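Below is one structure, written out as structure tokens; comments come after it.
The values are calculated or read from the model by the stated rules, or taken from the named source; none is laboratory data. None of the values given here were measured: they were computed from a predicted structure. No Cβ is skipped: glycine too gets one built from the backbone with ideal geometry, and neighbour counts run over all protein chains shown.
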Amino acid sequence: MLIKDKEIQHVSNDMMNILHEEEIRIINEFHDAVVAKESDKIDELFKVVQFDVEDHFSTEEAMMEESKFYAMQMHKSEHDTMRQKLDKLQKNWESHRDPEEIQRFLEDEFKHWLVLHVARWDSETAMHLGDSM
């Protein structure tokens, strides 16, 4: 297990917490397949990861836009940077089939990025949004 639920700060918006919990579950399943070097499962789950991350980011961005969150562009910029990194990682996977590259990315970069991103941007966004559920 790469990310424990308690490692990701809960924020003051239930929808955002649900998005984070689902992403943690999917990333952990993906990480397990990567560590086990199960290429077919990595192929399958990479698509799920990409879909989930896009759904997560798009949902947050729509909520920010609707509520006119003052720092939306800065928050979205962080999303865009991670989108680009994941796209590049997927292209590298398709070319080189190196599960260790994915493992390094997940363990050394993605996990830390997610923890910090939620603590900094998502918590502030959630306070602006309030509880939407």
In segment 95-107, which residue that is free of Cβ contacts under 8 Å to residues at least 24 places away in the same chain and within 15 Å of PHE30 (Cα to Cα) is surrounded by the most Cβ atoms within 10 Å (Cβ to Cβ)?
PHE105
Given (1) within 11 Å of the chain's Cα centre (by Cα); (2) over 18 Å from PHE105 (Cα atoms), index of the condition ASN17 fails
(1)
Of the conditions (1) under 22 Å from MET16 (Cβ atoms); (2) surrounded by 14 or more Cβ atoms within 10 Å (Cβ to Cβ), ASN92 clears all except one; give me its number.
(1)
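So that you can scan it fast, the table gives a plain yes or no per residue for (1) touching a His at 6+ places or on another chain (Cβ under 8 Å); (2) charged (D, E, K, R):
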{"site": "ASN13", "(1), (2)": "no, no"}
{"site": "MET16", "(1), (2)": "no, no"}
{"site": "HIS20", "(1), (2)": "yes, no"}
{"site": "GLU23", "(1), (2)": "yes, yes"}
{"site": "HIS31", "(1), (2)": "no, no"}
{"site": "VAL49", "(1), (2)": "no, no"}
{"site": "GLU60", "(1), (2)": "yes, yes"}
{"site": "MET72", "(1), (2)": "no, no"}
When residues of segment 27-67 are filtered for being within 20 Å of ILE102 (Cα to Cα), surrounded by 15 or more Cβ atoms within 10 Å (Cβ to Cβ) and within 18 Å of the chain's Cα centre (by Cα), how many remain?
14
Evaluate segment 95-106: report whether one residue or more is under 16 Å from the mean Cα position of the chain (by Cα), within 22 Å of THR125 (Cβ to Cβ) and either charged (D, E, K, R) or part of a loop (DSSP other than H, G, I, E, B) (or both).
no
Let me spell it out: the conditions are (1) more than 22 Å from ASN17 (Cα to Cα); (2) at pLDDT below 95, and SER132 meets all of them except one. Which number is the exception?
(1)
Working carefully through the options VAL11, VAL49, VAL53, find the one that is outside any helix (DSSP H, G or I) and of a type in the set (Val, Ile, Thr).
VAL11
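Here is a yes/no grid of residues against (1) touching a residue at least 60 places away in the same chain (Cβ under 8 Å); (2) outside any helix (DSSP H, G or I); (3) over 18 Å from ILE3 (Cα atoms):
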| position | (1), (2), (3) |
| --- | --- |
| LYS76 | no, no, yes |
| HIS79 | no, no, yes |
| PHE110 | yes, no, no |
| TRP121 | no, no, yes |
| ALA126 | yes, no, yes |
Here is a list of conditions, (1) touching a residue at least 60 places away in the same chain (Cβ under 8 Å); (2) farther than 19 Å from GLU22 by Cβ; (3) part of a helix (DSSP H, G or I); (4) among the hydrophobic types (A, V, I, L, M, F, W, C), and MET63 meets all of them except one; can you say which number that is?
(2)
